[in-house]
Amino acid sequence: MKRIAIVLSVLFLIGMSVSAMAAEKVLLQYNPAPGTTTKYKMNINGNTVVTAMQRAQKTNPKLTLDEARESIEKLVRARKEKEARDSLLAELREKAKIKIIDSQVLAYRAMQDEKFDEAVKLYKKAIKQSPEDPYLQVSLGRALAAAGKGNDSKAAFEKAVKLRADDRFILIAQADSLKDAGETDAAADVYRHAAQVAGEDLFAHGLILDAFEEMGLEDDAQAQKGKIDALQKALVERYEAQQKAAEAAEAAEDAVGAENSQE
């Protein structure tokens, strides 16, 4: 019980503490504890906690500084170590110079800065490291198109499609590139192919619809709207069916519970 009382008193002592800021050493001196003739002194640098023992003794009148001293020292030491650690980390963060070596990240940044020729070189470097990645080919195709190299751009998109023929987003990217290059007929064909493989992906169908409307292809746009409406209707029906099934299961469970309580 005495140990618990000491711990509680130290916690109270900490909670009622007054922070003292000091650039120089601070001398803490306490009068002799009852029954002793020893004065306790402690030199502390910086930000520490100065606590009046009288406040702690309101909780535990028998508490002496000698009994609480070890906990106080641990608290002060832990705080000083944390301050030193935080200071070191802050200094390291300020001095740190992060160097990005990932070719794909550097290529993306080059595109953002409109350094298209540099982006092409970096994407080609990234492709050497991951030659089977179709999305890198898509990125290269976009960079080549931005750099004014239309034929090379088309070749990059074709390679991406070969690597993953039924990827709706790769097809949409290829169609976008053809549309931007003014090859509307070829772009429309690729968009139609993308619509066929898009399945129940409403987002992909929405992108294709936007493209058809932008290109003024009313029949294709209407057909795409029909697909989207059907998908949305099926989604709502599926959700409602799941809700009904969940409610039926809950009702059955409640009925079983009622029967068991009657027994």
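Over segment 103-189, what is the relative contact order in percent, taking alpha-carbon pairs closer than 8 angstrom and at least six residues apart?
It rounds to 20 percent for segment 103-189.
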* **Estimated translational D of segment 103-258 in µm²/s (Stokes, Kirkwood radius over Cα pairs; 20 °C; 1.002 mPa s)** => 120
* Which of Tyr191, Tyr135, Tyr239 has the fewest Cβ neighbours within 10 Å, and the rest in rising order -> Tyr239, Tyr135, Tyr191
* **Residue-wise HN-Hα coupling along segment 76-88, computed from phi with Karplus coefficients 6.51, -1.76, 1.60 (Hz; x: Gly, Pro)** => 4, 4, 5, 5, 5, 5, 5, 4, 5, 5, 5, 5, 5
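What is the magnitude of the charge dipole of segment 215-262 about its Cα centre, with +1 placed on the Cβ of each Lys and Arg, -1 on the Cβ of each Asp and Glu, and no other charges, expressed in debye to the nearest 20?
Computed about the Cα centre, the dipole is about 180 debye.
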* **Extent along principal axes [Cα atoms of segment 89-160; Å; largest to smallest]** => 51, 25, 13
* Structure fact -> Rounded to one decimal in nm, the spacing of the 7 Å Cα→Cβ label points at Asp113 and Asp166 is 4.2
* Asked: Cβ under 15 Å from Gln232's Cβ, Gln232 left aside: what net charge do those residues give with Lys, Arg +1 and Asp, Glu -1?
  -> -1
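Express the relative contact order of segment 103-258 as a whole percentage, based on alpha carbon pairs under 8 Å and six or more residues apart in sequence.
Dividing the mean separation by the residue count of segment 103-258 yields 12 percent.
Values quoted throughout were computed directly from the atomic coordinates according to the rules given, and no laboratory measurement underlies them. The model shown is predicted, which means the values in this text are computed figures rather than measured ones. With ideal geometry, Cβ positions are generated from the backbone for all residues, glycine too; neighbour counts draw on all protein chains shown.
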